[in-house]
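Q: Here it is, the structure, as structure tokens.
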Amino acid sequence: MANSETYVVVLTGGIASGKTAVSDLFAQRGVPVIDTDQIAHEIVEPGRPALKRIVKAFGQEFLGADGRLDRKKMRNVIFSSPQQKSRLESILHPAIAAEVDQLIAQVDAPWCILVVPLLAETSLFSWINRVLVVDVEESVQIERVMTRDKISQKQAQSILDAQTSRRQRLALSDDILDNSGSLEELEVGVDKLYHKYTTLAADFSCKRSLGADS
């Protein structure tokens, strides 16, 4: 459980929906941003306990010549084996959750953004206050993934099919930010949400103070 004094908005969305663009816009407005993808990369750096546990569980062959995790080999294994995927998650998820708790406890602001791309696939963050889903049509996702990764439409579709569906993500949302338009339109949407979350965080803080005084 993270620091309950900070109002936490989880930012999620499907691949190529524009989560990074949205989190960057919030950061430009002074909002602290904590990204679980970045954390997941950092906790498996050489010398970190999580990497040592992965090597112990999966074997030395999952280390590259530079002593870093061979991500491609690990991806191939977990995509072909649900059991191995669960095994890896049992190592990574507690480490990610602990790091998130620590970072949120250090937040010196009324509210923050917590980027969790795979929110629908995890129960790690059931304590969060609000969920913002960045949303685009699946056809837009496919087009963006094809352009970004230089892959075929079939390959892009298979990536989408492996993720939680758009319907499932939207079912989790408190707020939906449409990112199918221009950057200017996205900035307008972020501005509206910035003011909304600032108000909600103030209300949250006030209620906590009243509760503490009672």
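The values are calculated or read from the model by the stated rules, or taken from the named source; none is laboratory data. Fair warning: this is a prediction, and the values are worked out from it, not measured in the lab. Cβ sites come from the backbone with ideal geometry, for glycine too, and all protein chains shown count toward neighbours.
Q: Contact list please: Cβ distance under 7 Å, first residue in segment 13-27 and under 11 Å from D135 (Cβ atoms), second residue modelled with pLDDT of 95 or more and acidic (D, E), pairs at least six apart or on different chains.
A: Taking only residues 6 or more apart or on different chains, the pairs are G13/D135; S17/D135.
Q: Is it true that some residue in segment 24-34 is within 30 Å of R169 (Cα to Cα) and in contact with a Ser or Thr (Cβ under 7 Å, 6 or more places away or on another chain)?
A: Within segment 24-34, one or more residues are within 30 Å of R169 (Cα to Cα) and in contact with a Ser or Thr (Cβ under 7 Å, 6 or more places away or on another chain).
For every residue, the table says whether it meets (1) more than 29 Å from G30 (Cα to Cα); (2) in contact (Cβ under 8 Å) with a residue 24 or more places away in the chain.
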| site | (1), (2) |
| --- | --- |
| A98 | no, no |
| A105 | no, yes |
| T147 | yes, no |
| Q155 | yes, no |
| T164 | yes, yes |
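Q: Looking for whichever is touching a residue at least 12 places away in the same chain (Cβ under 8 Å) and not assigned by TED's automatic domain parsing to the domain that holds K19 here; the options are L51, L118, L124, L132. Which one fits?
A: Numbers: L118 fails: not assigned by TED's automatic domain parsing to the domain that holds K19; L124 fails: not assigned by TED's automatic domain parsing to the domain that holds K19; L132 fails: not assigned by TED's automatic domain parsing to the domain that holds K19.
After ruling out the rest, the residue left standing is L51.
Q: Which ones in segment 56-77 are under 10 Å from L88 (Cβ atoms) and either part of a loop (DSSP other than H, G, I, E, B) or touching a Phe, Trp or Tyr at 6+ places or on another chain (Cβ under 8 Å) (or both)?
A: Passing the criteria: M74, V77.
Q: If G67 satisfies every condition in (1) on the phi < 0 side of the Ramachandran plot; (2) at pLDDT 90 or above but one, which is the exception?
A: Evaluating G67 over (1) on the phi < 0 side of the Ramachandran plot; (2) at pLDDT 90 or above leaves (1) as the failure.
Q: Looking at (1) assigned to a helix (DSSP H, G or I); (2) over 29 Å from S209 (Cβ atoms); (3) of a type outside the set (K, R); (4) at pLDDT 95 or above, find the lone condition where A27 falls short.
A: The number of the failed condition is (2).
Q: Is it fair to say F79 is over 24 Å from L103 (Cβ atoms), crowded, with 18+ Cβ neighbours inside 10 Å, of a type outside the set (D, E, K, R) and not assigned by TED's automatic domain parsing to the domain that holds M146? Walk me through it before giving the result.
A: Values: over 24 Å from L103 (Cβ atoms): yes; crowded, with 18+ Cβ neighbours inside 10 Å: no; of a type outside the set (D, E, K, R): yes; not assigned by TED's automatic domain parsing to the domain that holds M146: yes.
No.
Q: Next question, about the same structure. Report yes if some residue within segment 31-38 is of a type in the set (D, E), in contact (Cβ under 8 Å) with a residue 40 or more places away in the chain and closer than 23 Å to R166 by Cβ; otherwise report no. Break it down into steps so the answer makes sense when it comes.
A: In the first step, residues of segment 31-38 are kept if they are of a type in the set (D, E); the result is 35, 37.
From what is left, the residues that are in contact (Cβ under 8 Å) with a residue 40 or more places away in the chain are 35, 37.
Subsequent filtering for residues that are closer than 23 Å to R166 by Cβ retains 35, 37.
Scanning segment 31-38, I find at least one residue that is of a type in the set (D, E), in contact (Cβ under 8 Å) with a residue 40 or more places away in the chain and closer than 23 Å to R166 by Cβ, so the answer is yes.
Q: Which ones in segment 103-146 are of a type in the set (S, T, N, Q) and within 26 Å of D203 (Cβ to Cβ)?
A: Matches in segment 103-146: Q106, S126, N129.
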